[in-house]
Amino acid sequence: MNNPFQEIFDKLCNIEKQLQGYPSHNNIKDDNQNELLSKKQACALLGISYSTLWRWTQQRRIQAYGLNNRVYYKRSEIMATIKKIN
């Protein structure tokens, strides 16, 4: 008879190997330069509310990207939309 703890351990190892192929939605990077930010992170970076971010996205002032029913913003594009004054 097989050790039930060993069977559980083997199954967990198999699951871990399968999950390693999936990106973590908290740390998604695109080309190591274009870090993808969640709505919350983008709002914090700009110091704006969710409704303002949504409005700017609808007005195409900021480009949004979708992945698995989630919305992300490229940090480099957000920084490019900030204009120098004076």
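Show me, for the stretch 47-62, the HN-Hα J-couplings you get by feeding each phi into the Karplus relation (A = 6.51, B = -1.76, C = 1.60, θ = phi - 60°), rounded to Hz, glycine and proline as x.
With the stated coefficients, the stretch 47-62 comes to x, 10, 8, 4, 5, 5, 4, 4, 5, 5, 5, 5, 7, 6, 6, 10 Hz.
For a quick check: with amide H placed at 1.01 Å from N, whose amide H comes under 5 Å from ILE62's, ignoring anything fewer than 5 positions away on the same chain?
Under 5 Å from the amide H of ILE62: THR57.
Going Cα to Cα from LYS74, which lysines come in below 20 Å? Please leave out same-chain ones fewer than 8 positions away.
The qualifying lysines are LYS29, LYS39, LYS40, LYS83, LYS84.
Run the numbers for GLU7 and MET79: contour at 0.36 nm per residue of separation, minus the present Cα-Cα distance, in nm.
20.9 nm
Starting from the Cα of SER38, move 7 Å in the Cα-to-Cβ direction to define the label point; list residues of the stretch 60-82 whose amide nitrogen is under 20 Å from there.
The answer is 63-79, whose backbone nitrogens lie closer than 20 Å to the label point.
Where a number appears in this text, it was derived from the coordinates with a stated rule and is not lab data. Only a predicted model underlies this, so the values are computations on that prediction, with no experimental measurement involved. Positions of Cβ are generated from backbone atoms using ideal geometry, with glycine treated the same way; all protein chains shown enter the neighbour counts.
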